[in-house]
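Chemist: Below you'll find the structure I mean.
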Amino acid sequence: MKIGVIGLGFVGLTFASVLASKKIPVIGVDYDKSKIAKIQSGEVPFFEPRLDKTLRTALHSGLKVSSSISSVANQCDIIFVTVGTPTLEKGGIDLSMVESAIKEIGRLLKKTKNNPAIIIKSTVIPGTTQKLIAILERESKKKNGEDFGIISNPEFLREGVAIEDTINPHLIVLGGSDNKFMKRLTDFYSNLHPNVQIIKTNPQTAEIIKYANNSFLATKISFINQIATICESIPGANIEQVAKAIGLDPRIGSLFLNAGPGYGGSCLPKDVKAIINFSSKIGADSTLLDAVEEVNRNQVRNIISIIEKMLGRLKGHKITILGLAFKPDTDDIRESVSLKLIELLLREGAKIISHDPKAIENTKSVFGNKIEYTDNISKALRGSECAVIMTSWKEYTGISEKELKLMKKRFIVDTRRLLLGKKLNIKYHAIGMG
Ligand code: UGA
């Protein structure tokens, strides 16, 4: 079985590398030639733990990468489409990359005898796979279910643990008709993950499952953040204990109850926006998800209010931001709440020095010389009047009294409660602690 992967971002490159490292023949494609050159030389174009090693093993085991789709369309039995679907201005998603990949596959299929299963892994709004079938039938002059088969197969991997999640997914969702292509994909996944449950459904249900999953996670986060805000006004209340206690109720579950600065990243914010936008287009109500977004937006304003209570007007004050990446173990700053906070602080005239173990280069491309950057915690704290811990990098749990003494005012806002319970001589505000 030969596998094609179109789009070598987080999902595509991780998936292609894991498969190839297991000696499955894989051709990976990306239109970005400079990215292909990097990958070919064993370099991962972004930071993801373990991916560099897995990629090198994959290349060694025969992973092929290319900027042209033709060999994938002509030779592969299963073609995974993993291109991006970024947010459009009003919250909808841009399907142009998925559509152009499908068009190109269609034009190539017209001239080949190959009968591939084409798998849509990119996150797409419900109804998209049906539209893609029409595009592919039109371009190829061939028939879905006979000459090729399109199946929706949403992805649930998380950044920072992408390799683990690809090797051990908790679930596989397949949306398509019950035909030979579905059988081919089912056999492929059953071999790869013999113990993982496969849920089979139609494409539109598979598509909404992905949005339901991510928007439920976002809802859990906004829920606990709202409770955290309430806790802050109850002297002595402790959000950590609240989360632990309610998490023990099996109907609630303990994960995704860490109160913080709000959810960020390339997926949760985009997907909540997209499902709200989709709901309004089809005339469905989205009151709950509107509130989830609003709570998330308010969270960063709450942080500003906490800093203002301590420092007064922010103009001219030096503030340290600890953590730029939207979560630890990644250099990804997309929709990072940290960057939103910096933007608001700059607007108030504050001076910013920022620290992150991995995401400085990416952040430079957003703020340039409007803020300072350092990868040294002591330098980040020296002369500062307030430090805000935004990302739960493990480095921050070890911040010492000696480092804190370098600050002009020892005031810490800890949105992740990493320093909670430590005996430090500081003024300390932790999110969710009354
Ligand atoms: C998310 C989902 O978790 C994946 O299942 C999904 O496949 C992926 O989106 C996607 O659609 O591609 P990811 O964006 O990597 O994965 O990040 P998460 O681990 O979900 O974290 C998202 C944000 O929520 C981060 O800003 C994180 O700090 C925040 N968060 C998470 C909290 O504030 N509290 C929590 O308890 C958990």
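Chemist: Mind checking which of 234, 39, 319 has the largest fluctuation in a GNM of the chain, springs on alpha carbons under 10 Å?
Modeler: Between 234, 39, 319, it is 234 that shows the largest mean-square fluctuation.
Chemist: Would you be so kind as to identify all helices of the chain, as entire DSSP H runs, whose Cα atoms reach 27 Å or more along the helix's own axis and whose mean Kyte-Doolittle hydropathy is at least -0.5?
Modeler: Length and hydropathy pass: 203-232, 287-311.
Chemist: Further, regarding this structure: Using a basic spin-label model with each label point 7 Å from the Cα along Cα→Cβ, how many nm lie between residue 141 and residue 378?
Modeler: 7.3
Chemist: Going by accessible area, probe 1.4 Å, with all protein chains left in place, what is the ranking of 347, 416, 158, 301, largest first?
Modeler: Values: 347 170, 416 60, 158 115, 301 140 Å².
From most exposed to least exposed: 347, 301, 158, 416.
Chemist: Roughly how many Å² is the accessible area per residue of region 194-251, as a whole number, for a 1.4 Å probe? Walk me through the intermediate numbers first.
Modeler: Values: 3300 Å² over 58 residues.
That works out to 57 Å² per residue.
Chemist: To the nearest 10 square angstrom, what accessible area does residue 355 show with a 1.4 Å probe?
Modeler: 10
Chemist: Pick out which of 383, 312, 12 has the largest mean-square fluctuation in a Gaussian network model of the chain, springs linking Cα atoms closer than 10 Å.
Modeler: In the Gaussian network model the winner is 312.
Chemist: Okay, next question. Using a probe radius of 1.4 Å on heavy atoms only, what accessible surface per residue do you get for region 357-422? Whole Å² is fine.
Modeler: 49
Chemist: Now for a different question. Taking only the C-alpha atoms, wrap a convex hull around region 257-311 and report its volume per residue in Å³ as a whole number.
Modeler: Given the Cα convex hull of region 257-311, per-residue volume reads 93 Å³.
Chemist: Please work out the FRET efficiency for the pair residue 96 and residue 251, using the Cβ-Cβ distance as r and a Förster radius of 51 Å; give the result to the nearest 0.05.
Modeler: Given R0 = 51 Å and the Cβ-Cβ separation, E is 0.80.
Chemist: Here's something else I'd like to know. Measure off 7 Å from each Cα along the Cα-to-Cβ vector at residue 75 and residue 33, then give the distance between these two points in nanometres to one decimal.
Modeler: Rounded to a tenth, the inter-label distance reads 2.1 nm.
Chemist: Per the helix-only calculation at 222 nm, which mean residue ellipticity applies to the chain, given -39500 (n - 2.57) for every DSSP H run of n ≥ 4 and division by its residues, nearest 500 deg cm²/dmol? Walk me through the numbers before you get to the answer.
Modeler: Numbers: 16 runs with 190 residues, N = 434.
The helix-only estimate for the chain comes to -13500 deg cm²/dmol at 222 nm.
Chemist: Return the tail of the calculated pair distribution for the chain, meaning the percent of Cα-Cα pairs more than 38 Å apart. Write down the numbers at each step before the final one.
Modeler: Numbers: 27011 of 93961 pairs.
Of all Cα-Cα distances in the chain, 29 percent exceed 38 Å.
Chemist: Strictly over 29 Å apart at the Cα level, which of 309/402; 244/422; 220/370; 270/315; 2/200; 2/35 would you flag in this model? It would help to have the intermediate numbers written out before the result.
Modeler: Values: 309/402 26 Å; 244/422 20 Å; 220/370 35 Å; 270/315 32 Å; 2/200 23 Å; 2/35 22 Å.
Beyond 29 Å between Cα atoms: 220/370; 270/315.
Chemist: If you count only protein heavy atoms and use a 1.4 Å probe, how large is the accessible surface of residue 166, to the nearest 10 Å²?
Modeler: About 20 Å², ignoring ligands and nucleic acids.
Chemist: Hey, any idea what Rg/Rh is for region 271-400, computing Rh the Kirkwood way over Cα pairs?
Modeler: Radius of gyration over Kirkwood radius for region 271-400 works out to 1.04.
Chemist: For the pair residue 134/residue 294, report the inter-label distance in nm, with labels modelled 7 Å from Cα in the Cβ direction.
Modeler: With each label placed 7 Å out from Cα toward Cβ, I get 3.6 nm.
Chemist: In the chain, what percent of the accessible surface is made up of carbon and sulfur (1.4 Å probe, ligands and nucleic acids excluded)?
Modeler: 51
The values are calculated or read from the model by the stated rules, or taken from the named source; none is laboratory data. Just so it is clear, the model here is predicted, and its values are computed rather than measured. No Cβ is skipped: glycine too gets one built from the backbone with ideal geometry, and neighbour counts run over all protein chains shown. Protein only, heavy atoms only, side chains kept; ligands, DNA and RNA dropped before computing areas. Shrake-Rupley method; radii C 1.70, N 1.55, O 1.52, S 1.80 Å.
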